[in-house]
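Following: one structure in structure tokens, then a few remarks.
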Amino acid sequence: GNSVTQMEGPVTLSEEAFLTINCTYTATGYPSLFWYVQYPGEGLQLLLKATKADDKGSNKGFEATYRKETTSFHLEKGSVQVSDSAVYFCALRLIQGAQKLVFGQGTRLTINP
Amino acid sequence: DTEVTQTPKHLVMGMTNKKSLKCEQHMGHRAMYWYKQKAKKPPELMFVYSYEKLSINESVPSRFSPECPNSSLLNLHLHALQPEDSALYLCASSQWTANQPQHFGDGTRLSIL
């Protein structure tokens with residue numbers, strides 16, 4: 001089946017630390033990959049996306065590279081801020097059955113000043 | 001600012017009440033979605049509309065009744081809900097192709113007394 005596995009949270013870092021949130025996937029086709037962020041009391045916001053192997057998505061200092069050989073899409077940021085505290089979801093969407101997003105379990109990130 | 005607007009933001013209702021959740025988008029998207037999100041969990045897909053036609057019902061109980069009056073609007077009619085239905089209900093929209101992301105509203109926080 002199709003699934004997404006994210007690193008267990010919660011993750012707590014100090015401001016300006018380097019961030020990595022691991023995401024690996026299993027898919028029967030060639031998925032598009034997404035990272036969404038959910039701030040407290042809000043809906044999900046698209047953070048970045050990649051639609052084919054070796055694509056790099058980037059936004060607001062966050063980056064993730066679509067690695068087909070390792071079926072991974074790890075999220076990275078070089079220097080986190082307190083305002084980055086949120087829950088991060090990795091997700092895939094298949095070309096077949098294009099309607100569904102398959103989400104990982106989410107990783108709660110807390111950044112301390 | 002989110003481009004998908006959901007109303008109301010909060011709703012408290014008794015188990016015998018009838019109420020409706022509303023969702024609106026003006027991005028020209030032809031796919032619209034309802035998700036249910038419980039605390040500390042990823043969103044769970046409930047319904048998908050494609051070109052105003054219901055294309056996916058994820059075995060949702062009949063006390064939830066979706067409606068898509070036109071390409072910009074999506075409703076979720078609620079009747080005889082149970083306490084376990086208390087959750088954040090998210091609406092999303094997208095283009096139909098797999099490499100396009102879904103855009104989420106901020107949700108309706110529903111509490112069943």
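The values are calculated or read from the model by the stated rules, or taken from the named source; none is laboratory data. Predicted, not measured: the structure shown is a model, and the values here were computed from it. Methodologically, a virtual Cβ is constructed for each residue, glycine included, from the backbone with ideal geometry; neighbour enumeration extends over all protein chains shown.
Can you pull out every residue in the stretch B:9-54 that is within 20 Å of A:Leu101 (Cβ to Cβ), part of a loop (DSSP other than H, G, I, E, B) and not aromatic (Phe, Trp, Tyr)?
Passing the criteria: B:Met27, B:Gly28, B:His29, B:Arg30, B:Lys38, B:Ala39, B:Lys40, B:Lys41, B:Pro42, B:Pro43.
Looking across the stretch A:34-84, the residues that are among the aliphatic types (A, V, I, L, M) and either out of contact with any Ser or Thr (no Cβ under 8 Å at 6 or more places or on another chain) or away from chain B (no Cβ under 11 Å) (or both) come down to A:Val37, A:Leu44, A:Leu46, A:Leu47, A:Ala53, A:Ala64, A:Leu75, A:Val80, A:Val82. Scanning the stretch A:68-113 for residues that are assigned to a loop (DSSP other than H, G, I, E, B), among the β-branched types (Val, Ile, Thr) and farther than 16 Å from A:Leu47 by Cα yields A:Thr70, A:Thr71, A:Ile95.
Residues of the stretch B:55-68 being part of a strand (DSSP E or B) and at pLDDT below 95, which ones?
As a first pass, look at the stretch B:55-68 and keep what is part of a strand (DSSP E or B): B:55-57, B:64-68.
B:Ser55, B:Ile56, B:Asn57 - these are the residues of the stretch B:55-68 that are part of a strand (DSSP E or B) and at pLDDT below 95.
Of all residues in the stretch A:84-100, those satisfying the criterion of being of a type in the set (Gly, Ala, Ser) and under 17 Å from the mean Cα position of the chain (by Cα) are A:Ser85, A:Ala86, A:Ala91. Among the residues making up the stretch A:88-101, those that are within 9 Å of chain B (Cβ to nearest Cβ) and surrounded by 20 or more Cβ atoms within 10 Å (Cβ to Cβ) are A:Phe89, A:Ala91, A:Arg93, A:Leu101.
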